[in-house]
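Visitor: The structure under discussion is supplied below as structure tokens; questions concerning it will follow.
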Amino acid sequence: MAQEVELLIDGEKFDKVHSVSYELYTPHDQADGKPSSVPTGLKLRIRRESDDNVGIAKWAFDSSQVNRKTGQITFKDPNLKKELKVLKWENGFITHYEEHVPSTAANPNEQMYEYFEISAEMVDLNGAEYKKDWKGK
């Protein structure tokens with residue numbers, strides 16, 4: 001079971017990742033479930049504890065073509081001391097960014113966190129590759 005996550009964006013390590021999810025959607029016929037198109041809309045969702053590093057926020061504020069980034073999420077099992085999966089992306093940009101500051105009166109132990117979603121031209125999960133051609137876009 002993966003209990004440790006390492007996040008690298010353009011070679012920079014970001015600590016205290018609390019959750020990661022990713023999804024891929026394949027349009028399909030509602031009546032019989034048959035795929036009606038190729039998979040679309042791969043999204044990576046990441047939630048991490050906020051700190052004084054504003055690199056992710058800066059990236060979110062500038063989604064221009066020159067500011068696309070590569071990254072990697074490594075899922076590890078600390079008990080077995082091994083990597084379970086490595087998810088890599090290329091030419092990614094942030095499509096959604098939030099920073100949450102909880103009420104410390106109601107939840108004194110809850111930490112401030114940032115949540116963001118990444119869309120990327122190419123994603124590779126241990127050799128399973130999803131690629132879209134964004135040339136000219």
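Visitor: Search the range 48-70 for residues being among the polar types (S, T, N, Q) and not in a helix (DSSP H, G or I), and hand back the single one that is modelled with the lowest pLDDT.
Guide: Checking each candidate, the answer is S63.
Visitor: Next up: Name the residue, out of V123, V66, that is of a type outside the set (K, R) and more than 12 Å from the chain's Cα centre (by Cα).
Guide: Checking each option against the conditions leaves just V66.
Visitor: Here is a list: F93, F116, F75. Which entry is surrounded by 13 or more Cβ atoms within 10 Å (Cβ to Cβ), closer than 30 Å to T26 by Cβ, free of Cβ contacts under 8 Å to residues at least 60 places away in the same chain and among the aromatic types (F, W, Y)?
Guide: The match here is F93.
Visitor: Any idea which of (1) without any contact (Cβ under 8 Å) to a residue 24 or more places away in the chain; (2) touching a His at 6+ places or on another chain (Cβ under 7 Å) is the one V66 doesn't satisfy?
Guide: (2)
Visitor: How many residues, within the range 16-55, are touching a strand residue (DSSP E or B) at 6+ places or on another chain (Cβ under 6 Å) and within 16 Å of E99 (Cα to Cα)?
Guide: Total meeting the criteria: 11.
Visitor: For the range 49-69, enumerate the residues that are buried (at least 16 other Cβ atoms within 10 Å of the Cβ) and either in contact with a helix residue (DSSP H, G or I) (Cβ under 8 Å, 6 or more places away or on another chain) or within 12 Å of I118 (Cβ to Cβ) (or both).
Guide: I56, W59, A60, R68, K69 - these are the residues of the range 49-69 that are buried (at least 16 other Cβ atoms within 10 Å of the Cβ) and either in contact with a helix residue (DSSP H, G or I) (Cβ under 8 Å, 6 or more places away or on another chain) or within 12 Å of I118 (Cβ to Cβ) (or both).
Visitor: Go through the range 2-47 and report how many residues are among the acidic types (D, E) and either part of a loop (DSSP other than H, G, I, E, B) or within 19 Å of A128 (Cβ to Cβ) (or both). Walk me through how you get there before you give the answer.
Guide: First pass over the range 2-47, keeping only residues among the acidic types (D, E): 4, 6, 10, 12, 15, 23, 29, 32.
Then keep just the ones that are either part of a loop (DSSP other than H, G, I, E, B) or within 19 Å of A128 (Cβ to Cβ) (or both); that gives 10, 15, 23, 29, 32.
Residues in the range 2-47 being among the acidic types (D, E) and either part of a loop (DSSP other than H, G, I, E, B) or within 19 Å of A128 (Cβ to Cβ) (or both): 5 in total.
Visitor: Against the condition surrounded by 12 or more Cβ atoms within 10 Å (Cβ to Cβ), closer than 19 Å to K13 by Cβ and free of Cβ contacts under 8 Å to residues at least 12 places away in the same chain, how does V86 come out, does it pass?
Guide: Numbers: surrounded by 12 or more Cβ atoms within 10 Å (Cβ to Cβ): yes; closer than 19 Å to K13 by Cβ: yes; free of Cβ contacts under 8 Å to residues at least 12 places away in the same chain: no.
Against the criterion (surrounded by 12 or more Cβ atoms within 10 Å (Cβ to Cβ), closer than 19 Å to K13 by Cβ and free of Cβ contacts under 8 Å to residues at least 12 places away in the same chain), V86 does not qualify.
Visitor: Let me ask something additional. From the list E83, E99, E117, E90, which residue is modelled with pLDDT of 85 or more, touching a helix residue (DSSP H, G or I) at 6+ places or on another chain (Cβ under 9 Å) and not in a loop (DSSP other than H, G, I, E, B)?
Guide: E99
Visitor: Please tell me if I73 is touching a Phe, Trp or Tyr at 6+ places or on another chain (Cβ under 7 Å), β-branched (V, I, T), at pLDDT 95 or above and within 19 Å of K13 (Cβ to Cβ). Give the derivation first.
Guide: Details: touching a Phe, Trp or Tyr at 6+ places or on another chain (Cβ under 7 Å): no; β-branched (V, I, T): yes; at pLDDT 95 or above: yes; within 19 Å of K13 (Cβ to Cβ): yes.
No.
Visitor: I would also like to ask the following. Looking only at the range 120-134, which residues are farther than 24 Å from A60 by Cβ and either part of a loop (DSSP other than H, G, I, E, B) or not small (G, A, S) (or both)?
Guide: N126, G127, E129, D133 - these are the residues of the range 120-134 that are farther than 24 Å from A60 by Cβ and either part of a loop (DSSP other than H, G, I, E, B) or not small (G, A, S) (or both).
The values are calculated or read from the model by the stated rules, or taken from the named source; none is laboratory data. Note that the structure is a prediction, hence the values are computed from the model and not measured. Don't worry about glycine lacking a Cβ; one is built from the backbone with ideal geometry, like all the others, and counts go over all protein chains shown.
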